[in-house]
Amino acid sequence: MRKKTQLIATIILLFTSFPDGLWSRRSSGMSFTLSTKAFTEGGTIPKKYTCDGDDVSPGLAWTSIPSGTQALALIADDPDAPVGRWSHWISWNIPPDRALPEGVPKNEELSDGMRQGRNDFKRVGYGGPCPPPGKPHRYFFKLYALDAKLDLKAGSARTDLESAMKGHVLAEAQVMGRYGR
């Protein structure tokens, strides 16, 4: 009985010693980071990147890509939307060896293999912040390092992307900006 208790204690220790549990595939090495020159972390997103401006995507860059990364996926969303989490941009099979430029074309497939899905505006590509008047909303740009390219049809929905990413995420990085009207 004592050995059984020790085994259970060891298992509990293993699961609580790792932030995501024993089965996590997240990197424990260098810090994977995401950044943009368009706004500072937690700062105001300029009008240019919103529905009140040119509605172009901000440029994004990353550092310390985990070893084994074959592709990246991106989800940009607004958790403060009145209807719940609102997806502004979903993309996958982003080449990990370069940054995303400002104004990524709003095509389902790009020449480098990157694919984009439908946001909650029911359009492909980036759809900038467009909150109702009132308190500014938070916009999270989340980048996922994946151990494989995803066999997911261009134009797919966020739920399809999240399902396809399961078991392939090595690390996650994010940057957050705010916008209000």
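Can you confirm whether GLY68 is farther than 22 Å from ARG181 by Cα, of a type in the set (Gly, Ala, Ser) and modelled with pLDDT of 95 or more? Please lay out each step first, then the result.
Details: farther than 22 Å from ARG181 by Cα: yes; of a type in the set (Gly, Ala, Ser): yes; modelled with pLDDT of 95 or more: yes.
Considered against the rule, which asks whether it is farther than 22 Å from ARG181 by Cα, of a type in the set (Gly, Ala, Ser) and modelled with pLDDT of 95 or more, GLY68 comes out as yes.
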Practice task
Kindly indicate whether any position in the range 143-152 is surrounded by fewer than 22 Cβ atoms within 10 Å (Cβ to Cβ) and without any contact (Cβ under 8 Å) to a residue 12 or more places away in the chain.
Solution key: no
Fill in the blank from the handout: The number of residues in the range 34-71 that are small (Gly, Ala, Ser), outside any strand (DSSP E or B) and under 30 Å from ASP147 (Cβ atoms) is 6
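Pick out the one residue from ASP120, ASP160, ASP112, ASP97 that is closer than 23 Å to GLY59 by Cβ and either within 16 Å of the chain's Cα centre (by Cα) or surrounded by 17 or more Cβ atoms within 10 Å (Cβ to Cβ) (or both). If you could, list the steps in order and put the result at the bottom.
Details: ASP160 fails: closer than 23 Å to GLY59 by Cβ; ASP112 fails: either within 16 Å of the chain's Cα centre (by Cα) or surrounded by 17 or more Cβ atoms within 10 Å (Cβ to Cβ) (or both); ASP97 fails: either within 16 Å of the chain's Cα centre (by Cα) or surrounded by 17 or more Cβ atoms within 10 Å (Cβ to Cβ) (or both).
On inspection, the qualifying residue turns out to be ASP120.
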Exercise for the section: Check the range 100-113 and report whether any residue there is farther than 17 Å from PHE32 by Cα, in a loop (DSSP other than H, G, I, E, B) and in contact with a helix residue (DSSP H, G or I) (Cβ under 8 Å, 6 or more places away or on another chain). Expected result: no
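The values are calculated or read from the model by the stated rules, or taken from the named source; none is laboratory data. A quick note: this is a predicted structure, and the numbers were derived from the prediction, not measured. Because the Cβ atoms are built from the backbone with ideal geometry, glycine has one as well, and the counts that use them run over all protein chains shown.
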